[in-house]
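The values are calculated or read from the model by the stated rules, or taken from the named source; none is laboratory data. All values derive from a computational prediction rather than experimental measurement. So basically every Cβ, Gly included, is an ideal-geometry build from the backbone, and we count neighbours across all protein chains shown. The accessibility values were calculated without ligands, DNA or RNA, using every heavy atom of the protein model including side chains. Shrake-Rupley method; radii C 1.70, N 1.55, O 1.52, S 1.80 Å.
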Amino acid sequence: MLPQDCDVVVVGAGNAAMCAALSAREQGARVIVLERAPEGEAGGNTRFTAGAIRFAYDGVDDLRALMPDLSEEEIARTDFGQYTAEQFFDDMARVTENRADPDLVELLVRHSKPTMMWLRGKGFRFTPIYGRQAFKVDDRFKFWGGLTVEAWGGGPGLVEAHRKAAARNDIRIFHQARASALLHDDDGIHGVEVRYRGKTCSVRSRAVVLASGGFESNPEWRTRYLGPGWDLAKVRGTRFNTGDGIRMALDAGAAPRGNWSGCHAVGWDRNAPEFGDLAVGDGFQKHSYPFGIMINANGERFVDEGADFRNYTYAKYGAVILRQPGQFAWQIFDRKVTHLLRDEYRIKQVTRVQADSLEALVGRLDDVNPAQALATIAAYNAAVRTDIPFNPNVKDGRRTEGLSQPKSNWANTLDSPPFEAYAVSCGITFTFGGLRITNDAQVVDTDGAVMPGLYAAGELVGGLFYFNYPGGTGLMSGAVFGRIAGTSAGRAARRA
Ligand SMILES: Cc1cc2nc3c(=O)[nH]c(=O)nc-3n(C[C@H](O)[C@H](O)[C@H](O)COP(=O)(O)OP(=O)(O)OC[C@H]3O[C@@H](n4cnc5c(N)ncnc54)[C@H](O)[C@@H]3O)c2cc1C
């Protein structure tokens with residue numbers, strides 16, 4: 001049975017929601033969590049992640065504090081560098097083309113390290129992302145791109161850690177509990193209407209935290225807000241993020257905010273299913289394109305694959321792939337770089353062809369003009385500045401010259417068999433548009449007033465991401481704003 005009332009109702013059971021639940025509980029509030037998914041599919045997009053999480057750190061001592069398991073031997077063979085608050089600010093400003101709300105970014109960046117330590121204090125564990133975010137060059141690993149740490153056990157490990165932390169803190173999670181409307185009047189928000197295991201009922205509360213994700217799994221909203229063609233994208237994660245929380249808040253008078261026509265979307269296996277598959281997790285993504293080239297159905301390159309570290313390009317290149325004829329592309333590599341390909345290239349469910357000559361390879365690329373593909377590769381090979389040394393750990397400046405579509409870094413000729421190609425389409429991760437919040441994560445209405453009793457965190461907050469996104473920021477923003485929302489909601493509930 002669902003309780004009929006409590007202090008704080010949290011809607012959703014992903015990372016943002018569970019951080020909100022924990023922090024509301026710290027304030028002494030009685031907290032329940034409503035999760036639309038059945039238990040086996042719970043945890044939202046959070047569960048599909050690798051758990052990579054971006055936060056500002058000043059050096060290895062900060063990492064030691066977060067990961068006491070880090071051995072002296074690991075430290076000796078690794079250049080962890082630092083990722084300062086200033087670098088995090090710069091990354092947010094650059095990739096969002098200076099659109100990100102400065103107040104939200106300030107909170108995200110300044111609270112990132114303390115929030116990681118807060119999670120650590122609640123029993124969460126983290127580990128360095130060797131392999132994906134650091135390559136071994138001259139016997140030493142070097143981390144790049146501001147992304148150094150992942151949750152222990154990846155996304156599933158993070159969700160499990162949240163489940164355990166909730167149990168330790170007397171927070172009950174109700175599955176198959178789909179919030180459908182906010183109970184509200186002139187005095188504010190007083191709870192939610194819920195469909196729980198097929199029956200509609202109400203839970204009254206002093207505060208509600210909405211953390212039920214974006215609208216990426218709703219093809220009708222995708223087409224309406226992201227534009228024509230987005231109905232054809234594949235969904236990388238949960239099928240349950242259909243925009244309910246956003247709709248409920250808008251219906252109650254909340255203000256929309258942010259990049260409603262924008263989203264995070266990546267290159268994703270062309271034959272992946274309509275929604276994410278928990279058995280595969282993020283394995284359908286194909287993020288090693290900086291080391292190869294991508295060609296479309298016309299046999300042409302269409303993007304600078306080496307414009308930046310993949311952390312700063314992958315989230316916008318899904319949209320570029322969606323715009324190609326047939327909404328697909330092939331990524332092509334040769335033997336010189338296949339050892340650098342991420343582990344997702346070696347999964348069973350991969351759309352891959354291989355050949356010992358380029359002529360044979362282009363003949364195997366489904367739906368591609370082979371003659372043009374061959375001509376494109378020849379022109380690309382001729383344009384590579386082979387005099388500049390290749391180094392995957394830095395932006396090496398090894399580029400093409402004279403092409404209308406340049407490649408700015410990591411340009412290697414395609415001339416060493418065997419050649420490999422991987423077919424990708426567009427996989428949408430989450431949407432950028434959402435609700436307007438204050439610095440206390442209170443939801444604001446269309447007249448600019450706070451809505452008493454209503455808080456929001458995670459994907460459904462607007463104003464943070466525009467056009468693009470620095471990898472690993474989704475979990476961090478969920479944790480930071482979830483924690484803030486829970487604290488505010490818990491305090492408000494105590495006052496009420
Ligand atoms: C394949 C993949 C890989 C990713 N990798 C990373 C990564 O490594 N690092 C990173 O930072 N980010 C990554 N992301 C993005 C990251 O998952 C999100 O930014 C983050 O998890 C969002 O957290 P959230 O709590 O806002 O939403 P979610 O985790 O999606 O949680 C939303 C929850 O709300 C529930 N819900 C929806 N509607 C209702 C309703 N009406 N009532 C009740 N519950 C409802 C859903 O079931 C879900 O549990 C990845 C995403 C995907 C899909």
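What distance in nm separates the two pseudo spin-label positions at Cys201 and Gln82, each 7 Å out from Cα along the beta-carbon direction?
Distance between label points: 5.4 nm.
Please sort 421-429, 55-63 by packing, taking for each peptide the average over its residues of neighbouring beta carbons within 10 angstrom, highest first. Please report the intermediate quantities before stating the final value.
Values: 421-429: 25.2, 55-63: 18.3.
Averaged packing, sorted descending, gives the order 421-429, 55-63.
Sort the chain into rounded, prolate or oblate with this rule: let a ≥ b ≥ c be the square roots of the eigenvalues of the Cα gyration tensor; rounded if a/c is under 1.5, and if a/c is not under 1.5, prolate when a/b is larger than b/c, oblate otherwise.
Taking the square roots of the gyration eigenvalues as a ≥ b ≥ c, the chain is prolate.
If you line up the long axis of helix 473-495 against the longest principal axis of the chain, both from Cα atoms, how many degrees apart are they, to the nearest 10?
So the helix axis and the longest Cα principal axis differ by about 0 degrees.
Which FRET efficiency value, to the nearest 0.05, do you get for Asn271 and Tyr130 by plugging their Cβ-Cβ distance into 1/(1 + (r/R0)^6) with R0 = 41 Å? It would help to have the intermediate numbers written out before the result.
Working: r = 30 Å, r/R0 = 0.72.
Result of the calculation: an efficiency of 0.90.
With a 10 Å radius around each residue's Cβ, average the other Cβ atoms per peptide and rank 135-145, 315-325, highest first.
315-325, 135-145
Between their Cα atoms, which of Lys348/Lys407; Lys316/Lys348; Lys164/Lys395; Lys122/Lys234 are more than 32 Å away from each other?
From Lys348/Lys407; Lys316/Lys348; Lys164/Lys395; Lys122/Lys234, over 32 Å: Lys164/Lys395; Lys122/Lys234.
What is the gain in length, in nm to one decimal, between Glu72 and Ala93 on full extension, counting 0.36 nm per residue of separation less the C-alpha to C-alpha distance? Present the calculation step by step, with values, prior to reporting the outcome.
Working: separation 21, 0.36 × 21 = 7.56 nm, distance 3.53 nm.
My answer for the length gained is 4.0 nm.
Just check segment 339-448 against the gyration tensor rule for me: Cα atoms, a ≥ b ≥ c as the square roots of the eigenvalues, rounded for a/c under 1.5, and otherwise prolate or oblate depending on whether a/b exceeds b/c.
Here segment 339-448 falls in the prolate category.
Mind pulling the angle between the C-alpha long axis of helix 370-383 and the longest principal axis of the chain? Nearest 10 degrees, somewhere in 0 to 90.
Tilt relative to the chain: about 80 degrees.
Can you sort Leu374, Leu460 by solvent-accessible area, 1.4 Å probe, largest first?
So, going from the largest accessible area down, we get Leu374, Leu460.
Taking only protein heavy atoms into account and a 1.4 Å probe, give the accessible area per residue of segment 56-187 in Å².
48
Where Lys and Arg each count +1 and Asp and Glu each count -1, what net charge lies around Gly12 among other residues with Cβ under 10 Å from its Cβ?
So the environment of Gly12 carries a net charge of -2.
Note down the nm distance, to one decimal, between modelled labels 7 Å out along Cα→Cβ at Thr413 and at Glu359.
1.9
Rounded to two decimal places and with Rh computed the Kirkwood way over Cα pairs, what is Rg over Rh for segment 98-189?
The Rg/Rh ratio comes out at 1.11.
Give the separation of the Cα centroids, segment 204-273 to segment 359-392, in Å.
37
Taking 7 Å along the Cα-to-C-beta vector as the label spot, tell me the Ile388-Lys164 distance in nanometres, rounded to one decimal.
4.7
For the Cα atoms of the chain, what angle does the longest principal axis make with the long axis of helix 15-26, in degrees from 0 to 90, nearest 10?
Its long axis makes an angle of about 30 degrees.
Give, in nm to one decimal, the length gained when the segment between Asp186 and Gln405 is fully stretched (0.36 nm per residue of separation minus the Cα-Cα distance). If you can, show how the numbers build up before the last one.
Numbers: separation 219, 0.36 × 219 = 78.84 nm, distance 5.67 nm.
Answer, rounded to one decimal: 73.2 nm.
What's the center-to-center distance, using Cα atoms, between segment 436-451 and segment 51-74 in Å?
Segment 436-451 and segment 51-74 have Cα centres spaced 35 Å from each other.
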